[in-house]
Amino acid sequence: MQLRFNLVKILLLELEDLSLLRIYNTLNKKVELFQPRNTGVVRIYTCGPTVYRDAHIGNLRSYLMADWIRRSLTIQGFNVTHVKNITDVGHMRQEQLERGGDKVVLAALAEGKTPKDIADYYTQAFLKDEAKINILPASHFPRATEHIPEIIDIIQELFTKGYAYEVDGSVYFNVPAFDKYGQLSGNIALDQARTLTLLESDPNKKDPRDFALWKKAEPGRDMKWDSPWGYGFPGWHIECSAMSSRYLGFEQDIHTGGVDNIFPHHEDEVAQSEAAFGTPYVNYWIHGQHLLADGVKMAKSAGNEFTLADLEARGFDPLSFRYLCLTVKYRNRLNFTFSALKASQKALTRLRDLVANWKHTARYHQTDQSLRSAWKTKFWNAANNDLNLAQALGIVWDLASSKLPDASKLNLLFGFDELLGLDLNKYTATKKLPRDIKKKVTMRNDLRANGRFKTSDAIRAELSEGGLIVRDTLTGTFFRSKTVLERQAARWPTVSSSREVDSFLSHHATKSFSLILIATNYYQDVKRCIKSIISSCSAYNLEIIIVDNGSTDGTSEKLDKLQQKHPHIKLIHCDHQLGDAQAKNIGLKQSLGHIILMLDTCVELKGDVLIKIEKQLKDTRVGAIGTWGLLSDNLNHFHEEVDFGEIDALQGYCFAFRRDILLDVGLMRECFRFYRILDIDFSFQIKDKGYKILADGSLPMLRHKHRQWENLLEAERDELSKKNFKRFLVRWKNRTDLLVTRGTRDIYDKLNLNSSNGSNK
Ligand code: AMP
Ligand code: ZN
């Protein structure tokens with residue numbers, strides 16, 4: 001019955017001239033018309049989340065793509081079964097798994113809970129997140145730990161067929177035995193194989209491309225299961241073969257994931273599934289490009305991830321993220337910024353307003369069938385052309401501004417929204433107004449009717465202040481409460497990146513000093529630092545520039561109050577925590593002082609530091625001066641020197657220089673998101689231009705606890721510092737000539753060489 005219905009629906013769609021989904025298939029590297037294996041039914045598998053932490057919005061972008069594919073096929077009349085697994089045995093990546101260390105177990109240890117508690121908690125959190133952005137729930141959410149018997153069955157089948165071997169309780173897939181290995185990922189697999197050969201750490205593998213199907217449990221491991229090879233746990237890839245075949249059969253239509261899943265995860269899935277099942281595993285492999293933040297892939301390890309809760313905490317409607325993802329095609333990278341999200345929320349709000357308005361006016365007739373049909377063809381052609389939703393969204397806006405009657409617009413839009421998933425039909429703007437507001441609204445309408453627009457505008461402003469949007473349209477006046485974001489916009493302007501900030505660097509200095517502070521939470525620290533500046537340097541013509549770098553603990557509000565009391569404080573709010581170099585560059589670009597002093601908020605001044613700084617910087621050979629200096633013998637290690645003298649680099653706690661050198665030296669390099677080593681890198685930029693850097697340990701100041709550092713775990717400190725150090729070395733590794741000691745020695749060596757050659761040219 002269902003099948004017949006679907007067939008009829010497909011036929012009808014064709015009659016209506018609606019196109020069918022064409023989509024890029026990673027397997028064949030081209031856009032193909034989607035055709036299911038069995039008429040009328042589609043089986044989709046989506047690689048789901050590892051539940052030891054909240055999903056970040058990058059992960060959610062991949063799930064949105066799967067949702068749009070599913071919706072598109074459902075609208076075409078297919079009966080779709082969608083499976084999304086929950087990885088609750090917590091390896092994120094095969095290599096990590098092979099090195100041991102289970103993410104779910106580690107998270108449980110850290111939170112003092114059992115691995116199951118952790119997995120349950122984050123599974124629920126994931127489902128809630130998906131619901132908030134209107135991702136339709138999958139037909140099945142199987143958990144890896146509940147499918148161990150199926151996993152073991154497949155591994156045994158692979159043994160029988162000669163594709164698996166065991167070494168000391170661990171079982172590996174024998175890649176050379178599978179001819180078609182690499183068919184999905186192509187060159188990526190080759191490159192990775194080369195890298196693996198160089199880096200291979202598992203001595204049990206016969207070929208570096210081989211991968212674990214089953215790993216022997218290390219002593220003391222909690223999450224382990226009995227198997228024909230002893231106690232152990234499954235490899236990462238095998239769970240997806242087991243769960244997809246259990247719920248969808250051996251042959252699936254579509255398998256989705258992010259592009260990082262292509263290799264090794266999906267390549268290995270193809271190998272083990274086709275080897276075990278003996279049939280082509282998946283017809284259409286569909287992969288979504290990444291969501292980036294500040295230009296790099298969003299990932300926990302990059303420290304640039306945001307969760308849906310982070311967006312909500314900033315007043316965004318979760319659906320504005322869905323809207324944002326609609327604006328960029330799934331095969332293109334999308335660089336996430338809060339300004340783009342703001343624009344999306346604005347557009348979504350506008351669309352909702354239009355719908356609310358059309359609902360009032362839609363009593364009138366719909367336009368004729370053929371006009372509507374033309375709009376439908378346009379929309380579905382775009383949407384089904386490799387899921388070009390950005391174009392489809394453009395057509396929605398064309399429709400909105402077209403001359404079609406509102407009733408037709410509404411009807412068409414609701415149809416399109418079955419795919420877009422913005423819940424436009426749920427949105428009603430009319431709400432009961434409190435009596436006093438109602439009175440004002442009526443009064444305003446009367447005033448308008450009598451042409452007294454000035455007074456009516458004043459009432460509108462008053463209503464707006466009270467949180468109500470009032471809009472007059474041809475068909476009447478329309479009200480709604482302001483969104484959280486609209487209420488915030490009235491609070492203060494924010495910036496999303498240093499690019500949005502004007503640079504005054506080519507302007508003449510109007511102050512003697514610009515003191516720059518970066519504040520991320522911990523108002524008490526900021527206040528201590530500012531108080532010390534005010535009490536010891538008030539005699540100078542100075543400005544204090546505070547970059548409020550994504551504070552979320554109320555610091556922003558307090559800084560606003562402080563600024564009102566002290567007009568020489570200039571305050572710039574960032575809408576999220578920018579990388580350290582970006583935040584500092586905002587301060588640098590905005591400064592108008594002859595001398596710039598960057599102070600960390602852990603510093604407290606104990607006297608007039610500016611007099612000495614000014615004196616030293618009068619010497620134009622000196623590029624920068626600060627309190628805490630560093631010296632190095634070879635660039636690989638820097639040690640602290642606090643006495644007076646020339647040094648190799650300044651520590652960022654106190655870093656002063658003449659503003660005009662920036663025109664020569666440039667701003668800080670924004671690839672540094674974390675503060676450490678950034679100061680050394682910037683020092684080298686200064687030295688590279690031929691300036692000396694001085695330390696003066698007698699400058700009167702104290703250094704308190706440095707929060708940014710204190711709040712990191714040991715492993716995080718190491719990782720962030722190492723990453724930055726690498727960046728530093730990539731640029732400066734051949735520049736030992738810039739070191740104070742080495743530079744001196746080089747001159748000495750040259751002199752020696754010259755005298756021994758007897759050359760005096
Ligand atoms: P993971 O939790 O890392 O296994 O990722 C879950 C899903 O999110 C996989 O399909 C990944 O390919 C995808 N993913 C991870 N990071 C991103 C990102 N920055 N943008 C888009 N998708 C991502
Ligand atoms: Zn998977």
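The values are calculated or read from the model by the stated rules, or taken from the named source; none is laboratory data. Quick caveat: nothing in here was measured; it's all calculated off a predicted structure. When we count neighbours, we look across all protein chains shown, and the Cβ atoms used for this are built from the backbone with ideal geometry, even at glycine.
So if I check each of T442, T473, which one is without any contact (Cβ under 8 Å) to a residue 40 or more places away in the chain and either over 33 Å from the mean Cα position of the chain (by Cα) or surrounded by fewer than 17 Cβ atoms within 10 Å (Cβ to Cβ) (or both)?
T442
In the stretch 39-62, how many are within 16 Å of ligand 2 (Cβ to nearest atom) and not aromatic (F, W, Y)?
Going through the stretch 39-62 one residue at a time, the tally reaches 11.
From (1) among the aromatic types (F, W, Y); (2) within 16 Å of ligand 2 (Cβ to nearest atom); (3) under 30 Å from Q582 (Cβ atoms), pick out the condition that doesn't hold for F316.
(2)
Scanning for something assigned to a helix (DSSP H, G or I) and among the polar types (S, T, N, Q), does the stretch 606-618 turn up at least one residue?
Yes, there is a match, as at least one residue in the stretch 606-618 is assigned to a helix (DSSP H, G or I) and among the polar types (S, T, N, Q).
When the stretch 212-256 is examined, which residues are found to be within 16 Å of ligand 1 (Cβ to nearest atom), closer than 19 Å to L158 by Cβ and in contact with a His (Cβ under 9 Å, 6 or more places away or on another chain)?
Hits for the stretch 212-256 are P234, G235, W236, H237, E239, C240, M243, S244.
Tell me, which residue of the stretch 368-391 that is part of a helix (DSSP H, G or I) and touching a strand residue (DSSP E or B) at 6+ places or on another chain (Cβ under 9 Å) is surrounded by the fewest Cβ atoms within 10 Å (Cβ to Cβ)?
My answer is Q391.
Can you work out which of the residues in the stretch 122-152 that are without any contact (Cβ under 8 Å) to a residue 40 or more places away in the chain and part of a helix (DSSP H, G or I) is surrounded by the most Cβ atoms within 10 Å (Cβ to Cβ)?
L127
More than 16 Å from ligand 1 (Cβ to nearest atom), in contact with a His (Cβ under 6 Å, 6 or more places away or on another chain) and farther than 22 Å from L324 by Cβ, is that true of Y281?
no
Looking at K132, K180, K128, which is the one that is of a type in the set (K, R), at pLDDT 90 or above and more than 30 Å from D423 (Cα to Cα)?
After ruling out the rest, the residue left standing is K180.
Among the listed residues S551, S514, identify the single one that is touching a Ser or Thr at 6+ places or on another chain (Cβ under 8 Å) and free of Cβ contacts under 8 Å to residues at least 40 places away in the same chain.
Being touching a Ser or Thr at 6+ places or on another chain (Cβ under 8 Å) and free of Cβ contacts under 8 Å to residues at least 40 places away in the same chain holds for just one of S551, S514, which is S551.
Against the condition over 33 Å from the mean Cα position of the chain (by Cα) and under 30 Å from G666 (Cβ atoms), how does A449 come out, does it pass?
So A449 fails the test.
When the residues of the stretch 307-361 are narrowed to those that are at pLDDT below 90 and not in a helix (DSSP H, G or I), which ends up surrounded by the fewest Cβ atoms within 10 Å (Cβ to Cβ)?
My answer is G315.
Which condition from (1) away from ligand 2 (no atom under 16 Å from the Cβ); (2) outside any loop (DSSP other than H, G, I, E, B) is the one that M65 breaks?
(1)
Exactly one condition in (1) more than 10 Å from ligand 2 (Cβ to nearest atom); (2) farther than 25 Å from L73 by Cα is false for D253; which is it?
Among (1) more than 10 Å from ligand 2 (Cβ to nearest atom); (2) farther than 25 Å from L73 by Cα, D253 violates only (2).
Between a first residue in the stretch 268-291 that is more than 16 Å from ligand 2 (Cβ to nearest atom) and a second residue that is of a type in the set (K, R) and modelled with pLDDT of 95 or more, which pairs have beta carbons less than 6 Å apart while being 6 or more apart in sequence or on different chains?
Q289/R331; Q289/R333; H290/R333; L291/R61
Quick check, is W229 buried (at least 17 other Cβ atoms within 10 Å of the Cβ), out of contact with any Leu (no Cβ under 8 Å at 6 or more places or on another chain) and part of a loop (DSSP other than H, G, I, E, B)?
Taking the combined requirement at face value, the residue satisfies it.
Counting only residues that are at pLDDT below 85, under 30 Å from I544 (Cα atoms) and out of contact with any helix residue (DSSP H, G or I) (no Cβ under 9 Å at 6 or more places or on another chain), give me the helices (runs of 4 or more DSSP H) lying completely in the stretch 414-520 with at least 2 of them.
Because the criterion is at least 2 residues that are at pLDDT below 85, under 30 Å from I544 (Cα atoms) and out of contact with any helix residue (DSSP H, G or I) (no Cβ under 9 Å at 6 or more places or on another chain), the helices (runs of 4 or more DSSP H) in the stretch 414-520 that meet it are 484-489.
Of the conditions (1) over 21 Å from I151 (Cα atoms); (2) more than 8 Å from ligand 1 (Cβ to nearest atom); (3) crowded, with 22+ Cβ neighbours inside 10 Å; (4) modelled with pLDDT of 95 or more, Y45 clears all except one; give me its number.
(1)
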